[in-house]
Amino acid sequence: MANSKQSSETSRDMGSLSGELSDSSNGAQKSGKVDQPRIERAVREILAAVGEDPDREGLRETPARVARMYAELFSGLHDQPERHLRKFFTEKYDEMVLVKDISFNSMCEHHMLPFTGVAHIGYIPNGKVVGLSKLARVVESVSHRPQVQERMTEEIANLLIQELDVKGVAVVIEATHSCMTIRGVRKPGSVCVTSAMKGIFRANLSSRSEVMTLIYGNRG
Ligand SMILES: [Zn+2]
């Protein structure tokens with residue numbers, strides 16, 4: 001059982017991570033499986049449907065541009081996020097590992113509009129530890145698909161349980177949804193916060209409040 005008082009906070013500076021494989025691959029490279037010509041036809045159709053002329057000069061390249069953009073934004077559909085957690089190493093360390101402020105962008109599946117924000121992932125290992133950037137890769141993979149924030153939060157937590165058999169995992173996501181800020185209720189500045197607490201973080205109030213303090217502690 002980890003002593004929560006001694007938990008260490010890991011720097012979020014992703015540039016200074018050591019022991020990390022130089023894994024330059026990312027989901028966007030998997031975009032070959034996205035049917036871009038089909039997206040182009042659909043975008044052309046939408047432009048015509050809203051009353052535009054898809055053949056006017058400024059719009060001529062738009063369907064192809066949108067197709068490339070969607071291939072990137074939905075590249076996670078062709079990735080298996082769990083693969084990033086399979087490069088773990090065995091370590092006796094059993095205090096909290098926390099990576100804060102992993103920025104992400106995703107697409108709300110209800111409106112196909114972006115939501116953007118940060119994810120914080122804390123876990124207490126059970127013999128298996130992953131390179132810190134792997135957690136960022138998981139966030140990237142899970143976010144680059146049609147999503148809802150609540151499910152994304154759960155998915156990340158469940159992946160750590162499945163793949164690393166962690167003693168506890170806490171995932172907190174804060175995001176701004178453009179479907180709330182530019183349309184509908186139009187509430188700019190509103191931030192949606194979701195959290196998933198599993199294992200020790202669910203069972204033990206002091207572990208839970210500790211991770212929340214580490215996430216939010218240094219904010220005014
Ligand atoms: Zn939405």
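Using alpha carbon centroids, what distance separates segment 134-152 and segment 39-67, in Å? Each part reduced to its Cα centre gives a spacing of 29 Å. For segment 69-95, the residues whose backbone nitrogen is under 19 Å from a point 7 Å from the Cα of Asp35, taken along Cα to Cβ, are 69-79.
Under a 5 Å amide H cut-off, with hydrogens placed 1.01 Å from N, Lys128 pairs with Glu91 among residues at least 5 apart or on other chains. Couplings for segment 180-189, taken from phi via the Karplus curve 6.51 cos²θ - 1.76 cosθ + 1.60 with θ = phi - 60°, read 9, 9, 9, 8, x, 6, 6, 10, x, x Hz in order; Gly and Pro are left as x.
If packing is taken as the average number of other Cβ atoms within 10 Å across a peptide's residues, how do 48-56, 83-91 rank, most packed first?
Values: 48-56: 10.4, 83-91: 14.3.
My ranking of the peptides, most packed first, is 83-91, 48-56.
Looking at segment 96-206, the accessible area is 38 square angstrom per residue; that uses a 1.4 Å probe and ignores ligands, DNA and RNA.
Mean separation of Cα pairs under 8 Å and 6 or more residues apart, divided by the residue count, gives segment 96-174 a relative contact order of 38 percent.
Listed highest first by mean packing, meaning other Cβ atoms within 10 Å per residue, what order do 69-77, 132-140 come in? Walk me through the intermediate numbers first.
Details: 69-77: 18.9, 132-140: 22.9.
Put in order of decreasing packing, that is 132-140, 69-77.
Rounded to the nearest whole Hz, the Karplus-based 3J(HN,Hα) values (6.51 cos²θ - 1.76 cosθ + 1.60, θ = phi - 60°) of segment 38-46 follow the sequence 5, 4, 4, 4, 5, 5, 4, 5, 5, with x at glycine and proline.
Heavy-atom accessible area for Ile182, with the other protein chains in place and a 1.4 Å probe, reaches approximately 110 Å².
Over all projection directions, the Cα-based convex hull of segment 147-192 averages an area of 3.5 nm². Above 16 Å, the calculated P(r) of segment 31-121 contains 70 percent of its Cα-Cα pairs. In sequence order, segment 195-205 has phi-based couplings of 9, 10, 10, 10, x, 4, 5, 7, 7, 10, 4 Hz under the Karplus curve 6.51 cos²θ - 1.76 cosθ + 1.60, θ = phi - 60°, and Gly or Pro positions carry x.
The values are calculated or read from the model by the stated rules, or taken from the named source; none is laboratory data. The model shown is predicted, which means the values in this text are computed figures rather than measured ones. Counting neighbours? That spans all protein chains shown, and the Cβs are built from the backbone with ideal geometry, glycine included. Areas reflect the complete protein model, heavy atoms only, side chains present, ligands, DNA and RNA absent. Shrake-Rupley method; radii C 1.70, N 1.55, O 1.52, S 1.80 Å.
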